[in-house]
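Worksheet for the structure shown next.
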Amino acid sequence: MRNVLVTGGAGFIGSNFVQYFLGAHADVVLVNFDNLTYAGNLGNLAAIDADSRYRFVKGDICDRTAVDRAMQEHEIDTVVHFAAESHVDRSITGAAVFVTTNVVGTQVLLEAARAQGVERFLHVSTDEVYGSLGATGKFTELTSLHPNSPYAASKASSDLLVLAYHHTFGLPVVVTRCSNNYGPYQFPEKLIPLMIMNALQDKPLPVYGDGLNVRDWLHVVDHCRAINTVLRTGRVGEVYNIGGNNEWKNIDIVRALLKHLGKPESLIAFVKDRLGHDRRYAIDASKIARELGWAPSYTFERGLAETIDWYLANQPWAKKVMTGEYQEYYRKHYHEG
Ligand code: NAD
Ligand code: DAU
C-alpha cells in the first residue's frame, strides 16, 4: 500500500478520509480522483493541499481513459472507492445519473483496477442496500439485499459488480457497508447539516412524514478509522458492516439540535414524506469488531456537539456551498417560493 487512489475524495466522507489517512500513514502517496460535482469541494482539503504526498486529479470515474491514465501515471496499487451520487432524495427525482456514476462508474473503475493489477480495491457501500427494518432486528452481512430507493438500488448493483469481479477475476476486493455518517464537511442537503443551517437562519426545519423514521448514526472519523482497518486487515472477498450502535428517531435528533442551538421547537415543520421512505436502519457491526478489533470511539453526545460547533465556526464554508444550485434544489424539493 504505497500509492493509493481515492475516488470522491472531495466529498464529505472522502475528504475526511484523505485527511485521516495522510495523518495515519507517513509513507504513502494519495491521489484524489474526483470530478467535483455539486457535492465535491476542494475547500474541504485546504489543510493538506500543500502536503507533498497528496495529488489531485480532476476526472470522471466513468471515463476509462482518464482512470487508466491516473492509475498508470501514479503507479496505483490500492483503490478506495467513495465516488458516488449519494443523496436519496435526488435519486427519486433523477435516477439516471445514479446509474451512470454508481453502477457504470464502478464497473469502469473495476476494469481499470484489474488491468492495473492492484493489491486491494475497497468499495465503500451503505446499509441502505439491505432495505428497511421493522421495530426490531439488525442488518448483518448475511441479510439479503432489498434496496428500496434508486440510490440504494444503484449501490447494491455496484456491490454485486465488485463481488463478481472478485469471484470471476480474483480482484482483491473488500466491501464496507456503513450506516448514516455525520460530522464536518457534510453537504447541507443531508438531515443533520440541513437542520443546523436552517435553525441558524430561523428557517423551518422540514421533517418528513411523522418524524419517527430511525437511522443509526456514526461519526465520520469513526467511519474513516473503520475503512482504514478493513483496507489493511480485512479478508479479501468479504463484506464488513460498520455502524454506531446508535439508533435515533429523526424527530429526536432535530429536537436535540434545536436544544443545543437554543432555538425554539416551533421551527419544526412536518412536511410531505419521502417517497418509499425506509422506516428503520440498524446495523450489526459485530463482524468487524470480532475479526478486526474496530469499535466506534465517539459518543453521539460528543460527536453531535462537536459537529454543531464546527458548523457554527465554519458558516462561510457552509454559505459557500449553499450556492445557486443548492438554492434551486431546495426550492424545488421543499416547494418553496
Ligand atoms: P458526497 O456526495 O458528499 O461526495 C461524493 C463525491 O464523489 C464528491 O466529491 C463528488 O464530486 C464525487 N463524484 C461524484 N460523481 C463522480 C464521478 N462520476 N467521478 C468522480 N467523482 C465523482 O458523498 P458522501 O456522503 O461522502 O459518500 C461517499 C460514499 O460513501 C458514497 O459511495 C456513499 O454511497 C457512501 N456512504 C455514505 C454514507 C453517508 O452517510 N453519507 C453512509 C454510508 C456510505
Ligand atoms: O444509511 C446510509 C445512508 O445515509 C447513505 O448511504 C446515504 O448516502 C446518506 O445520504 C444517508 O441516507 P439517508 O436518506 O438516511 O440520509 P438523509 O440525511 O437524507 O436523511 C436522514 C433521515 O432524515 C431520513 O429518514 C430522511 C429524513 N429527512 C431528511 C431530510 C434531508 C427529513 O426528515 N428531512 C429532510 O429534509
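The values are calculated or read from the model by the stated rules, or taken from the named source; none is laboratory data. Treat the numbers as computed from the prediction; the structure is a model and nothing was measured. Counting neighbours? That spans all protein chains shown, and the Cβs are built from the backbone with ideal geometry, glycine included. In case anyone asks, the SASA skips ligands and DNA or RNA and just uses the protein heavy atoms, side chains included. Shrake-Rupley method; radii C 1.70, N 1.55, O 1.52, S 1.80 Å.
List of remarks:
- Strands (runs of 3 or more DSSP E) wholly inside segment 219-337 that include at least 1 residues being polar (S, T, N, Q), open to solvent by less than 40 Å² (accessible area, probe 1.4 Å) and within 16 Å of ligand 1 (Cβ to nearest atom): 239-242
- On the stretch given as segment 189-218, residues that are near ligand 2 (Cβ under 10 Å from one of its atoms), in a helix (DSSP H, G or I) and out of contact with any Ser or Thr (no Cβ under 7 Å at 6 or more places or on another chain) total 5.
- Residue match in segment 197-208 (condition: on the phi < 0 side of the Ramachandran plot, away from ligand 1 (no atom under 12 Å from the Cβ) and of a type in the set (D, E, K, R)): yes
- In segment 76-94, the residue that is nearest to ligand 1 (Cβ to nearest atom) out of those that are under 20 Å from V28 (Cα atoms) and under 12 Å from the mean Cα position of the chain (by Cα) is F82.
- Evaluation of S125 against the conditions (1) polar (S, T, N, Q); (2) touching a helix residue (DSSP H, G or I) at 6+ places or on another chain (Cβ under 6 Å); (3) within 14 Å of ligand 1 (Cβ to nearest atom); (4) not in a strand (DSSP E or B) shows that the sole unmet condition is (4).
- Residue that is more than 19 Å from the chain's Cα centre (by Cα) and modelled with pLDDT of 95 or more, where the choices are E325, E291: E291
- Qualifying residue in segment 124-143 (condition: aliphatic (A, V, I, L, M), within 20 Å of P172 (Cβ to Cβ) and open to solvent by 10 Å² or more (accessible area, probe 1.4 Å)): yes
- Failed item in (1) more than 16 Å from ligand 1 (Cβ to nearest atom); (2) surrounded by 22 or more Cβ atoms within 10 Å (Cβ to Cβ), with S179 passing the rest: (1)
- Filtering segment 12-35 to residues that are closer than 16 Å to G105 by Cα and crowded, with 24+ Cβ neighbours inside 10 Å leaves N32, F33, D34.
- Candidate set: segment 74-88, residues that are more than 14 Å from A39 (Cα to Cα) and open to solvent by 10 Å² or more (accessible area, probe 1.4 Å); chosen: the one farthest from ligand 2 (Cβ to nearest atom): E75
- In this structure, G40 does satisfy being in contact with a Gly (Cβ under 6 Å, 6 or more places away or on another chain), at pLDDT 95 or above and within 16 Å of ligand 2 (Cβ to nearest atom).
- Test: residue in segment 202-211 that is surrounded by fewer than 18 Cβ atoms within 10 Å (Cβ to Cβ), closer than 21 Å to K249 by Cα and among the acidic types (D, E): yes
- Pairing each residue of segment 93-117 that is surrounded by fewer than 17 Cβ atoms within 10 Å (Cβ to Cβ) with any residue that is outside any helix (DSSP H, G or I), provided the two are 6+ apart or on different chains, yields C-beta distances under 7 Å for V97/E85; T100/C62; V104/C62; R114/L171.
- The number of residues in segment 52-73 being open to solvent by 40 Å² or more (accessible area, probe 1.4 Å) and more than 13 Å from D34 (Cα to Cα) comes to 7.
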